[in-house]
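The values are calculated or read from the model by the stated rules, or taken from the named source; none is laboratory data. Just so you know, these numbers come straight off a predicted model, no measurement behind them. Note that we place each Cβ from the backbone using ideal geometry, even for glycine, and neighbour counts take in every protein chain shown. Protein only, heavy atoms only, side chains kept; ligands, DNA and RNA dropped before computing areas. Shrake-Rupley method; radii C 1.70, N 1.55, O 1.52, S 1.80 Å.
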Amino acid sequence: MAIREILSVEHPTLRRKCTKIHHLDPSLQRLVDDMIETMRHANGVGLAAPQVGVPVRLFVVETSEDLDEPHAGELFVLYNPEILKKSDLYYPEEGCLSMPGWVANVPRYKNVLVKGRNRQGKEIRIKAEGLLAQALQHENDHLDGVLFFDHLESPEQLRRAEHVAETVEA
Ligand code: NI
């Protein structure tokens, strides 16, 4: 395993529409291991493959086990994800590991149903709420070249995170 460099917002790879994965070969398994290590090292709740320079439809998500919500502390590896259902719009605070130290309140859904394939290639469905749901939407956006601040009406809505350690970055 190795920690990979996280690309910052101006990198063009972060704006690409990522390609679907058809073969789970050993290099992808290595990529997954590295992404998990890189996400944890950066204290993120999620990391998408394009953030480490690989434009494929893959992300990892892991929320804190201290959270009072379903799947708290559970690690998810998801290939070719798809959001099937979403409900209850709200505006939680959010940041991105590709833009450390900045946050904004962005429109997200409190509840989502997401399907995709796990690292063994098996189809899974995740019924998520709260922070996990938010992270799944944030990472899924990354696979389409969308960054969290794209959801804002004005870049002036971005602000410096006062307590970076407590900020949700993904
Ligand atoms: Ni991000």
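Is it the case that L143 is open to solvent by less than 50 Å² (accessible area, probe 1.4 Å) and away from the ligand (no atom under 13 Å from the Cβ)?
Answer is no for this residue.
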| note | Looking across region 1-34 at residues that are touching a helix residue (DSSP H, G or I) at 6+ places or on another chain (Cβ under 6 Å) and within 21 Å of L75 (Cα to Cα), the single one that is surrounded by the most Cβ atoms within 10 Å (Cβ to Cβ) is I6
| Single residue of region 89-116 satisfying the filter (within 11 Å of the ligand (Cβ to nearest atom) and in contact with a Ser or Thr (Cβ under 6 Å, 6 or more places away or on another chain)) that is nearest to E162 (Cα to Cα) | G95
| Is there a residue being closer than 16 Å to E139 by Cα, within 14 Å of the ligand (Cβ to nearest atom), among the basic types (K, R) and assigned to a helix (DSSP H, G or I) anywhere in region 8-17? | yes
| field | Breaking point among (1) in contact with a strand residue (DSSP E or B) (Cβ under 6 Å, 6 or more places away or on another chain); (2) open to solvent by 20 Å² or more (accessible area, probe 1.4 Å); (3) touching a residue at least 40 places away in the same chain (Cβ under 8 Å); (4) not polar (S, T, N, Q), for L67 | value | (1)
| note | Taking region 70-110 and keeping residues outside any strand (DSSP E or B) and farther than 18 Å from N43 by Cβ leaves P70, H71, Y91, V106, P107
| request: Working only within region 45-56, note down all residues that are within 15 Å of V168 (Cβ to Cβ) and either more than 8 Å from the ligand (Cβ to nearest atom) or open to solvent by 20 Å² or more (accessible area, probe 1.4 Å) (or both). | output: V45
| task | Could you please find all residues in region 146-157 being open to solvent by less than 40 Å² (accessible area, probe 1.4 Å), closer than 19 Å to V168 by Cα and away from the ligand (no atom under 12 Å from the Cβ)? | result | L152
| note | By residue number, the members of region 117-133 that are within 16 Å of the ligand (Cβ to nearest atom) and either open to solvent by 10 Å² or more (accessible area, probe 1.4 Å) or under 24 Å from H22 (Cβ atoms) (or both) are L131
| message | I'd like the full set of residues that are within 17 Å of A128 (Cβ to Cβ) and within 16 Å of the ligand (Cβ to nearest atom), limited to region 57-82. | response | F59, V60, V61, E62, T63, F76, L78, P81
